[in-house]
1. When SER112 is evaluated against the numbered criteria (1) crowded, with 18+ Cβ neighbours inside 10 Å; (2) farther than 21 Å from LEU506 by Cα, which criterion, by number, is the only one it fails?
2. Among MET387, MET410, MET416, which is the only one that is touching a strand residue (DSSP E or B) at 6+ places or on another chain (Cβ under 8 Å), within 15 Å of the ligand (Cβ to nearest atom) and either aliphatic (A, V, I, L, M) or open to solvent by 10 Å² or more (accessible area, probe 1.4 Å) (or both)?
3. Quick check, is GLY429 surrounded by fewer than 22 Cβ atoms within 10 Å (Cβ to Cβ), modelled with pLDDT of 95 or more and among the small types (Gly, Ala, Ser)?
4. For the range 469-487, name all the residues that are crowded, with 24+ Cβ neighbours inside 10 Å and in a loop (DSSP other than H, G, I, E, B).
5. Take the conditions away from the ligand (no atom under 16 Å from the Cβ) and aromatic (Phe, Trp, Tyr) and apply them to TYR270. Does it pass?
6. For the list (1) out of contact with any strand residue (DSSP E or B) (no Cβ under 9 Å at 6 or more places or on another chain); (2) of a type outside the set (S, T, N, Q); (3) surrounded by 12 or more Cβ atoms within 10 Å (Cβ to Cβ), I need the number of the one condition that GLY635 fails.
7. If I go through the range 393-407 residue by residue, how many of them are in a loop (DSSP other than H, G, I, E, B), within 16 Å of the chain's Cα centre (by Cα) and either under 14 Å from MET417 (Cβ atoms) or aromatic (Phe, Trp, Tyr) (or both)?
8. Test ALA319 against the stated conditions and say whether it is touching a His at 6+ places or on another chain (Cβ under 7 Å), at pLDDT 95 or above and either assigned to a loop (DSSP other than H, G, I, E, B) or surrounded by fewer than 17 Cβ atoms within 10 Å (Cβ to Cβ) (or both).
Amino acid sequence: MAVAHKTIIKRITAIGDKKIFVLYFLLLVCSFLHAEDGYELWLRYKPVSDAAVLASYKQKITSIQLNGNSPTLQVIKEELSLAFPGLLKTTVPYVSDFRNGTILIGTPSASSTIKSLGLDSRLNAAGEEGYLIVSKTINGKSCIVITGNSDKGVLYGVFAFLRLLQTQQSIQSLNIASAPLIKLRLLNHWDNLNRTVERGYAGFSIWNWHTLPGYIDQRYKDYARANASIGINGSVLTNVNANATVLTASYLEKVAALANVFRPYGIKVYLTARFSAPVELGRLHTADPLNDTVQQWWKDKVKEIYTLIPDFGGFLVKANSEGQPGPQNYGRTHADGANMLADAVAPYKGIIMWRAFVYSNEVPDDRHKQAYNEFVPLDGKFRPNVMVQVKNGAIDFQPREPFHPLFGAMPKTPLMMEFQVTQEYLGQGTSMAYLAPYFKECLESDTYSNGKGSTVAKIIDGSTQSYSITGMAGVANIGNDINWCGHPFAQANWYSLGRLAWNHELASDQIADEWLRMTFTNDKQFVTAAKSMMMASREIMANYMTPIGLHHIMGTGHHYGPAPWVKLARADWSPVYYHKADSAGIGFNRTATGSNAIGQYFPGARTQWENPATADERYLLWFHHLPWTWKMSDGRTLWDELCHKYNSGVDSVRWMQKTWDAQQSKIDNQRFQQVKMLLAIQQDEAVWWRNACLLYFQTFSKMRIPDQYEKPDKSLEYYMQLRFPFAPGN
Ligand code: GCW
């Protein structure tokens, strides 16, 4: 790049035309500006800034020996031709011999040298997708070997190696082995065929169905690169609120075109199956899963899909929930529905991910209890290629939610995790909320299903209940915004989902650290400051939105902003149903004297919430209805504690603003300004949440906001009349 640049300058100087020079200069400036629009995500490959580190890399990386010629090896080559010249400011030649600094890449079956290195037992442990990165002396030359049992494993190893360079780690003597703890690591896109994205805050869908399959947008490839770099190996392309049209022949060709782009990157495509498709597309008069004609319709459809996409992953299904059709329309169970589809995909090794997110306002019981009540009796009744996909909590991705009681309660059914990466309830497109600590909080929760230590992570990775398939999915936060995710820091949540699905033992701050270094800069002060903001951000948000276990008190429909006063005809969609504030107090009694949702947890888990006097106060009002004068552990009354939390949330956003302002000189102006503007919006939103909630709850508590806190500058009526008819994602 630098060499090419010098040659061009020489030529222009030779021509002696000033205008050409100015034009070239402008072009260069433009390319720099473009470079920091966020499009490149964490794959920026900017020159290693530390001179000593760069010098050591140049010594350790002098040449590449690539073994094999599969499409995956081809994409490795493409990636390296972007990465090395970018990071090392020089091209690295391909060789077939060994030199000091040769990076030897490939599987043992593609390279007899790699085969002879004595790595067998470590490779065995790496499994199909794992990798090794090891320093080895080969023919007297000091080399680095990147290998795995499959080309896909090698690809993951290459990205891991590049991550070392991007984050400026030592590569002096490498001895890294890594294998994913979870098999299926998926993104779920809630993307509609008309390109709107349900709960999407980053523009429209990146899938341009209209121009597919003829037009392959560069984005599809960059999407695959980004996912492969963090170990994501599957993508459900369509919304769980499904449209059967995607199963028609012309759409399947479009799906196949995407599958072709993703395949070399180790990514399979999956679709959502609308349960009533046989009626809508096949003109059958029923979609009853026990009906022969219906079963045959699905078998034929599946055959058609696999003819076009031989490695199609399978279906994700939302059935009998929020208006979606399902087996219960025909008096059948979730197992009947899932098994019918499972039988259709089984000959091709496909899987069915059947969602446990079911609840109905016709069931009088606490919504919290309904999924458990429906699914636990079905344990053991599903085919081996069915997974039940469970949200992290029993209500709906709230800013803080206890883990779902289904985890640990279905030992005979592989349960997979569904996290929400898109920030429907965590500030949407305008706020910074780093979600790795949120994901980890759930993963590290102890279900006590097999005694102490049966954490949610150990349930879903199969180690507690020996599941044959394991999975983790994240509802994607990706759209066609230039920077993919809207808020520059939202990219970190996509990144975290992938990293944690690969290894849920990684610490949140380590993930933040690597993401910041790759996405912004390796500058120590910046990384420390930005990391402290990220690490605190979700707790800050829980404080100014739903402290002490409050939940589901946001605006109806779009879920933007506070609306605790809303009371709808449908109780289970109404904030008042969840907070139950009255003159006596606030909170949802889910103990034995109330709905007894707490009874769905194993005794060991229950104890952390059961007694309000000793309970983890972050969940207090989730499980208890308590008087406004209830004494909290810090001596404050419950009302004062609410005032305190809401205000500390607001204060902390102001702290984030200050911390960010001090970073101006450290990073590019474009992203600095974007985040600054968004933090200002977040500050306004935090004040809005605090004021609206305290004013509303005060109508019940009749207590004063203590003097030390800022007083609401608007009336409750003002907040109640706010409307957002075009809020995104709805
Ligand atoms: O979180 C809620 C969302 C719905 C979503 C539903 C689900 C896709 O508000 O938009 O629908 O959950 O997970 O099915």
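The values are calculated or read from the model by the stated rules, or taken from the named source; none is laboratory data. This one's a predicted model, so the numbers in the text were calculated from it and none came from an experiment. Cβ coordinates were reconstructed from backbone atoms using ideal geometry, including for glycine residues, and neighbour counts include every protein chain displayed. Heavy atoms of the whole protein, side chains included, go into the accessibility calculation; ligands, DNA and RNA do not. Shrake-Rupley method; radii C 1.70, N 1.55, O 1.52, S 1.80 Å.
1. (1)
2. Values: MET387 fails: within 15 Å of the ligand (Cβ to nearest atom); MET410 fails: within 15 Å of the ligand (Cβ to nearest atom).
Being touching a strand residue (DSSP E or B) at 6+ places or on another chain (Cβ under 8 Å), within 15 Å of the ligand (Cβ to nearest atom) and either aliphatic (A, V, I, L, M) or open to solvent by 10 Å² or more (accessible area, probe 1.4 Å) (or both) holds for just one of MET387, MET410, MET416, which is MET416.
3. On the way: surrounded by fewer than 22 Cβ atoms within 10 Å (Cβ to Cβ): no; modelled with pLDDT of 95 or more: yes; among the small types (Gly, Ala, Ser): yes.
Answer is no for this residue.
4. Within the range 469-487, ALA476, ASN477, ILE478, GLY479, TRP484, CYS485, GLY486, HIS487 meet the criteria.
5. Details: away from the ligand (no atom under 16 Å from the Cβ): no; aromatic (Phe, Trp, Tyr): yes.
For TYR270, the condition - away from the ligand (no atom under 16 Å from the Cβ) and aromatic (Phe, Trp, Tyr) - is not met.
6. All conditions are met except number (3).
7. Just the residues of the range 393-407 that are in a loop (DSSP other than H, G, I, E, B), to begin with: 394-402, 404-407.
Next cut, within 16 Å of the chain's Cα centre (by Cα) only: 396-399.
Then keep just the ones that are either under 14 Å from MET417 (Cβ atoms) or aromatic (Phe, Trp, Tyr) (or both); that gives 397.
Counting residues in the range 393-407 that are in a loop (DSSP other than H, G, I, E, B), within 16 Å of the chain's Cα centre (by Cα) and either under 14 Å from MET417 (Cβ atoms) or aromatic (Phe, Trp, Tyr) (or both) gives 1.
8. On the way: touching a His at 6+ places or on another chain (Cβ under 7 Å): yes; at pLDDT 95 or above: yes; either assigned to a loop (DSSP other than H, G, I, E, B) or surrounded by fewer than 17 Cβ atoms within 10 Å (Cβ to Cβ) (or both): yes.
So ALA319 fits the description; yes.
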